[in-house]
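Remarks on the structure that follows.
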Amino acid sequence: NIPSSSENRLLFRETLFSSESMKNCIGGVILYDETIKQTAFSKQKIPELISSSGAVTGIKVDTGAKVLANSPEEKITEGLDGLRERVKEYNLGARFTKWRGVYNISNNYPSKLSIHSNAHALARYSALVQECGMVTIVEPEVLMDGNHSAEDCFNKTSEVIKKCFDELILHNIDLSGVILKPNMILA
């Protein structure tokens, strides 16, 4: 019954990030916009608190999945507008960023429109982030919901990842500065 206020969220995060287990169990932390800008009650900025434990700080930079125009059953991840400025601001201690594109799976999905649109957004995101000298986590995620087989999931995931890499290469992304976070291949 504790309210989810900015102050209570900060207190919870400070407790987590200053725990002894941070040094032994956590290698990296992905923050949100609110958290990366916070200063703990101990007067340390949250990214400094995380770094002092030996973990690497990252930031989620997309602004969420919205309905894909002309394909209302699918999603497109938004947030490219203003991303260059946000990423520069996130140099507050972030060394990597994350962007998640989501794809439905069924007999009809993901559509070519969804595959292309999300792959293009992941590549544009990567270009803007690498321009600022940070590592990108690229997450083209075929959602596990549905009545598909593992083979169908494998085939559609393969198509999604191939298109994603085609776009990354087209955008001259340094692939040595990219971490791919794929989905599990599941029925």
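Numerical summary
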read-out	value
Amide H within-cut-off set for Leu68, under 5 Å, with H built and near neighbours excluded	Glu74, Lys75, Ile76
³J(HN,Hα), Karplus 6.51/-1.76/1.60, whole Hz, each residue of the range 82-97, x for Gly, Pro	x, 5, 4, 5, 5, 5, 4, 5, 6, 5, 5, x, 6, 10, 8, 10
DSSP-defined beta bridges in the range 1-155 - what % are antiparallel, rounded to 5	30 percent
Loop-resident sites, the range 25-106, for trypsin sites (Lys or Arg not before Pro), counting at most 16 other Cβ within 10 Å (DSSP)	Lys37, Lys43, Arg95
Charge dipole (debye, nearest 20) of the range 4-75; +1 at Cβ of Lys and Arg, -1 at Cβ of Asp and Glu	160 debye
Which of Glu78, Glu7, Glu167, Glu141 is most accessible, then next, and so on - probe 1.4 Å	Glu7, Glu78, Glu141, Glu167
Among Cys153, Leu143, Ile169 the positive-end extreme of the charge dipole of the range 65-178 (Cβ point charges)	Ile169
Computed magnitude of the charge dipole of the chain (debye, nearest 20; Cβ of K, R +1, Cβ of D, E -1)	400 debye
The range 88-136 - Debye-derived log10 I(q)/I(0), Cα point model, q = 0.25, 0.33 Å⁻¹	-0.87, -1.20
Net +/- balance of residues flanking Val61 in space, Cβ distance below 9 Å, scoring K and R +1, D and E -1	+1
For the range 59-187, radius of gyration divided by Kirkwood radius, i.e. Rg to Rh on alpha-carbons	0.98
Rule-of-thumb Rg ratio for the range 1-116 [Cα; 2.2 N^0.38 Å; N residues]	1.32
MRE, 222 nm, helices only [DSSP H, n ≥ 4, -39500 (n - 2.57), over the chain, to nearest 500]	-12500 deg cm²/dmol
Exposure rank, largest accessible area first [Val61, Val135; 1.4 Å]	Val135, Val61
Exposure of Ser106 as accessible area (Å², to 10), given a probe of 1.4 Å and all protein chains	40 Å²
Karplus 3J(HN,Hα) series, Hz, for the range 64-69 with 6.51 cos²θ - 1.76 cosθ + 1.60 (x for Gly, Pro)	x, 8, 10, 4, 7, 4
In order through the range 171-180: 3J(HN,Hα) via Karplus (6.51 cos²θ - 1.76 cosθ + 1.60), integer Hz, x for Gly, Pro	8, 6, 6, 6, 5, 6, x, 10, 10, 8
For the chain: accessible area per residue (Å², 1.4 Å)	54 Å²
Amide proton proximity set for Trp99, modelled H, under 5 Å, gap of 5+	Ile137, Glu139
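The values are calculated or read from the model by the stated rules, or taken from the named source; none is laboratory data. These numbers come from a predicted model, not from an experiment. Neighbour counts run over all protein chains shown; Cβ positions are idealised from the backbone, glycine included. Just so you know, the surface numbers come from the protein's heavy atoms only, side chains and all, with ligands and any DNA or RNA stripped out. Shrake-Rupley method; radii C 1.70, N 1.55, O 1.52, S 1.80 Å.
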